[in-house]
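Here the structure comes first, spelled out in structure tokens, and everything after it is commentary.
The values are calculated or read from the model by the stated rules, or taken from the named source; none is laboratory data. All figures in this text were calculated on a predicted structure; none of them were measured in a lab. Cβ: placed from backbone, ideal geometry, glycine included. Neighbour counts: every protein chain shown. Surface accessibility is based on the protein's heavy atoms, side chains included, excluding ligands, DNA and RNA. Shrake-Rupley method; radii C 1.70, N 1.55, O 1.52, S 1.80 Å.
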Amino acid sequence: MKRFLAILLLLCVALGALSGCKRKKYKPVESTAEEARVILTLSANGRSYDVKYELYRALFLTYKSEIDGGDASVWTGEKKDDFINEINKRIISEAAKIFAVFELCERLGIDLYTDEVEDEIYDMIRVSVEGGSWGENTYLGFDGDYEAYLDSLKSMYHNYSTSVLLMRYQIGRRLLDSHYIGGGTADDGAGKITDGAIEYDRETVLDFYSSHGASLILTTFVSEQISYTPRELAEDIRLDVIEAAKSGVSRVRAVMIGRGSPTEEAELESGRLVSRYSLSREYEELGKTAAELSAGEVGEIVETVSAEDGRRYYIIYKMEKSEEFFEENYATVVLVYLCDAVGEAISMAASTLKEGATFSEAYANIIHSEVHI
């Protein structure tokens, strides 16, 4: 028996499958034939990416209430086609953002299907099931109960396959960061402090900081975990911030500290720099809203989804940008500039994919009022 196991181990090494041998405890769950149907194809640069029903379903259920306002009858009503067209635009947009990362990785020759990537995905699943740390995040897990983990995916409208797709997407985002941004190095005297593929100098960063697309803001938010009516509470706080803004930024800070969940103390003092594009969906949404404001204005409520506490409802106050902030926070400005550049590249790739979107014949079989998991 020992000899057999030794031979098996040698075979694993010889075939380059040692990593595969360790991925046995939490086995993949096959999608059903219905889930695996291709509903939509996104195309760009001679490549195509299939949106299967399982992903279409997850995106539909995620944004359904946002589109129908909680009135499920619209999916069978006279104007159902209008609602279906509206949610399809959202689904295509969100799917394109996911596959844009795959497209950029393809262009750069980054392989998201290596043994190393598969090992990382398995470890992400393991930590999600058993608990522990992954990157900067800590997960409580499900005491090793794999079925409970799979049930938790279902409660978020996902199955095993879509969850793995999103994990592969996350890894792709990180690898794009590594390529374009690199890691921190010493300032070379010209203002370059990272060693990624994006070339820049201090003047380039200053031009970005001074542009309409970069905004300095103060924020606070209400999450659905701390209120039964988070949007209503956020709207109430927003009115207080609008009133406080008449007295200046100090009064705005005081209101944000006293109400909602303000950002870190340092950010409330000096402000948070955001841009129209970002590697963080949350920052991107804040940046796009802030770009449309003038200094001293308070924006409309920005709704985002956080892995920590679900939906968040942000209140934004736009500050005046200063030379002092640029000088004292130069490394931060560089990072925002780089993230904006990568985010814009992803956005452009997503736009191209959306232009090449086509529904399959299987799409005609979907009855939107009956979509469920």
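What pairs can you find where one residue is in region 141-156 and open to solvent by less than 70 Å² (accessible area, probe 1.4 Å) and modelled with pLDDT of 95 or more, the other is of a type in the set (S, T, N, Q) and in a loop (DSSP other than H, G, I, E, B), and their Cβ atoms are less than 9 Å apart, with a gap of 6+ or different chains?
Every condition considered, the pairs that remain are 150/159; 153/159.
Against the condition on the phi > 0 side of the Ramachandran plot and either at pLDDT 95 or above or among the charged types (D, E, K, R) (or both), how does residue 296 come out, does it pass?
Yes: the conditions hold for residue 296.
Taking region 200-225 as the search range and keeping residues that are within 20 Å of residue 311 (Cα to Cα) and not in a strand (DSSP E or B), which one is least open to solvent (accessible area, probe 1.4 Å)?
224
In this structure, does residue 178 turn out to be among the small types (Gly, Ala, Ser), more than 14 Å from residue 316 (Cβ to Cβ), part of a loop (DSSP other than H, G, I, E, B) and open to solvent by 30 Å² or more (accessible area, probe 1.4 Å)?
For residue 178, the condition - among the small types (Gly, Ala, Ser), more than 14 Å from residue 316 (Cβ to Cβ), part of a loop (DSSP other than H, G, I, E, B) and open to solvent by 30 Å² or more (accessible area, probe 1.4 Å) - is not met.
Among the listed residues 355, 324, 328, identify the single one that is open to solvent by 70 Å² or more (accessible area, probe 1.4 Å) and farther than 23 Å from residue 295 by Cα.
After ruling out the rest, the residue left standing is 355.
Would you mention how many residues in region 107-133 are open to solvent by 40 Å² or more (accessible area, probe 1.4 Å) and assigned to a helix (DSSP H, G or I)?
7
Please indicate, with yes or no, whether at least one residue in region 226-235 is open to solvent by 80 Å² or more (accessible area, probe 1.4 Å), at pLDDT 95 or above, in a loop (DSSP other than H, G, I, E, B) and farther than 30 Å from residue 29 by Cβ.
no
Whether any residue in region 181-191 is open to solvent by 20 Å² or more (accessible area, probe 1.4 Å), closer than 30 Å to residue 292 by Cβ and in contact with a helix residue (DSSP H, G or I) (Cβ under 9 Å, 6 or more places away or on another chain) is what I want to check.
Of region 181-191, the ones open to solvent by 20 Å² or more (accessible area, probe 1.4 Å) are 182-190.
Restricting the remaining residues to those that are closer than 30 Å to residue 292 by Cβ gives none.
Among the residues of region 181-191, not one is open to solvent by 20 Å² or more (accessible area, probe 1.4 Å), closer than 30 Å to residue 292 by Cβ and in contact with a helix residue (DSSP H, G or I) (Cβ under 9 Å, 6 or more places away or on another chain), which makes the answer no.
Can you name the residue in region 54-106 that is small (Gly, Ala, Ser) and open to solvent by less than 40 Å² (accessible area, probe 1.4 Å) and, of all such residues, is farthest from residue 180 (Cα to Cα)?
Per the criteria, the residue is 77.
Within region 281-288, does at least one residue satisfy the condition of being in a helix (DSSP H, G or I), at pLDDT 85 or above and open to solvent by 40 Å² or more (accessible area, probe 1.4 Å)? Break it down stepwise before answering.
Let us first name the residues in region 281-288 that are in a helix (DSSP H, G or I), namely 281-288.
Okay, now just the ones that are also at pLDDT 85 or above, so 285-288.
Subset that is open to solvent by 40 Å² or more (accessible area, probe 1.4 Å): 285, 288.
The answer is yes; a qualifying residue exists.
Looking at this structure, is residue 305 part of a strand (DSSP E or B), open to solvent by 20 Å² or more (accessible area, probe 1.4 Å), in contact with a helix residue (DSSP H, G or I) (Cβ under 9 Å, 6 or more places away or on another chain) and within 29 Å of residue 156 (Cα to Cα)?
Here the answer is yes, as residue 305 does meet what is asked.
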